[in-house]
Structure formats: C-alpha cells, structure tokens
1. Does segment 31-120 classify as rounded, prolate or oblate by the C-alpha gyration tensor (a ≥ b ≥ c root eigenvalues; a/c under 1.5 gives rounded; else a/b over b/c gives prolate, otherwise oblate)?
2. Keeping the other protein chains in place, figure out the carbon and sulfur percent of the accessible area of segment 58-99, with a 1.4 Å probe.
3. How large is the dipole of segment 39-111 about the Cα centre if only Lys and Arg carry +1 and Asp and Glu carry -1, each at its Cβ, rounded to the nearest 20 debye?
4. For segment 14-59, give the magnitude of the charge dipole about the Cα centre (Cβ charges: +1 Lys/Arg, -1 Asp/Glu; no others), in debye to the nearest 20.
5. Given 0.36 nm per residue, what is the gain on full extension from GLN60 to LEU86 after removing their alpha carbon distance, in nm?
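The values are calculated or read from the model by the stated rules, or taken from the named source; none is laboratory data. Model, not experiment: these values are computed from the prediction. Backbone-built Cβ (ideal geometry, glycine too); neighbour counts: all protein chains shown. All accessible areas refer to the heavy atoms of the entire protein, side chains included, with ligands and DNA or RNA removed. Shrake-Rupley method; radii C 1.70, N 1.55, O 1.52, S 1.80 Å.
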Amino acid sequence: MSAPVPQPLEPEDDDDLSVARRRAAVARSRLAGTLVDIQARLNPKALAREAVDELKGAAQGLAREGLEGLKRHPLTLAGASAAVGLFLARGPIKHLLDVYLDETPEPAESLKPKRARARRKGPSE
C-alpha cells in the first residue's frame, strides 16, 4: 500500500478554507473580548465595588423589612426601646436607687452613750 496522495485544491476547498479562517478570526475576537471582560471583573477595585453594591442592596432590603415589621408591631418597638433605654441608663438608675432607697440607719457616733456634763458654776453666778 502506498501513502495517500494529497489532492489538488479545488475552488470549493478555497471557499471552505476562507470561511474557516473568517470563523477562526471571529472566534479569536470573541475570546479576546471575553478575556478583557474577565480581567475587568477580576480587578480588585471592581470586586470591591460589586461587594459594596451587594451589601447596600442587602442592607436596604433588611431596613425595608424591619420598617414593615415595626409598622405591624408598634408595641414591640416601644418595649424594645424601653429595654434598651433601661439597659443604657442602668448606672445612673442604680445610683439613684442606692441613694434614695438606702434603708440602713446612720451609724452611731460612738458605741457608748454620751452623758450630760454637769455645768460648772462660775464667778457670774
């Protein structure tokens, strides 16, 4: 058996080859565009910007849901606010209670009772 002999190029082969080359050029340009997009997305500033945007959106959603919940349950808000206020003011409240509700009597000045001193009679009397 002998090796296959290459066939001479026919006009159809030239058209197929040019079509293939155009397709390859289009594919290369799309790939280059994709690579540019990927590089832009992987830029640290772009990643940080995306993360901030996502956090903003999440925070806005939570705030919106929280406000809707507070509108539905205003007494819960009042109770929670009072609890937070009491917690933050616990030091001054403790001081007031210690000062005004102290039931411990004042300690005696001496353990022995004092006797009345006898008055001295002086020259004027």
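1. Because a/c hits 1.5 or more and a/b fails to exceed b/c, segment 31-120 counts as oblate.
2. 72 percent
3. Working: 9 positive and 10 negative charges, 187 e Å.
For segment 39-111, the charge dipole is close to 900 debye.
4. Numbers: 9 positive and 7 negative charges, 32 e Å.
Roughly 160 debye, rounded to the nearest 20.
5. On the way: separation 26, 0.36 × 26 = 9.36 nm, distance 2.88 nm.
The span from GLN60 to LEU86 would gain 6.5 nm if fully extended.
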